[in-house]
Every structure is written in structure tokens, then in C-alpha cells.
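Colleague: Structure in C-alpha cells, see below.
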Amino acid sequence: MAREYVSPTGSPILGTLERLTGRAEISGIADDGTPQFMDETEVFWDDQRTAKTDDGKVIFLDACGAEWTFDQLTPADDSEEGDEEGDDEEDDGDVGC
């Protein structure tokens, strides 16, 4: 069964860090060798790979953009057990990044 997780800071885990390749369109090359970029990049989706640490652990990203490995995460339902019952504050999703 899949579960939701949070980082050590309490920020929800939203996804994984991905490595992509692509081609940035250029209109030409300056005399010093600097490419003159246009406003479009073609992403080569078939080359997409999930980023991993040097020892092979998947890198997860939280809502603030911080990187974490699975062993650093806590199931979201476990992190809520410390909440006070009757807490009327509504969770607006703001994690204070």
C-alpha cells in the first residue's frame, strides 16, 4: 500500500528529483562562443532518470525543494499523531518554506 510521507522538517514529500536531457534552441553563436538562446527547450523524455545518491538511494523532494532519502522520511499519518485533539486550526498546506 502506498503512503504519504513528510520530511524531517514536516514538509510533505511531493516527488522525486529527476535527471533530464534536452536541446535548448539557439538563434546563433556569439563571436566569443556564447550561444544565443531562444525561449524553447525540447526535453528528451526517453532519457529521464530518477536521481539517486552515490550509494543508490532515491532522492525525494519536499514541498520546499529540499532533498531527502527514504530513510530520512516519516509516514505522514505517524507525524500527525502528536497533534492535539480538538485542534480547530485548518491545514492550509503552507509549510513555511
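Here, each number is a calculation from the coordinates, and none is a lab measurement. Given the structure is predicted, the values throughout are model-derived calculations rather than measurements. Note: ideal-geometry Cβ built from the backbone for every residue, glycine included; neighbour counts use all protein chains shown.
Colleague: What dipole magnitude, in Debye to the nearest 20, does the range 1-60 give about its Cα centre under +1 on Lys/Arg Cβ and -1 on Asp/Glu Cβ?
Modeller: Taking the Cα centre of the range 1-60 as origin, the dipole is about 540 debye.
Colleague: For the range 19-59, report the convex hull volume of the alpha-carbon atoms normalised per residue, in Å³, without decimals.
Modeller: Numbers: hull volume 3.9 nm³, N = 41.
Per-residue hull volume (Cα only) is 96 Å³.
Colleague: I would also like to ask the following. Among 26-37, 61-72, what's the highest-first ranking by average C-beta atoms within 10 angstrom per residue? Don't jump to the answer; show the numbers that get you there.
Modeller: Details: 26-37: 8.7, 61-72: 14.7.
In descending order of packing, they fall as 61-72, 26-37.
Colleague: Could you check the simple spin-label distance between Thr9 and Ala66, using points 7 Å along Cα→Cβ, in nm with one decimal?
Modeller: Between Thr9 and Ala66, the label points sit 0.4 nm apart.
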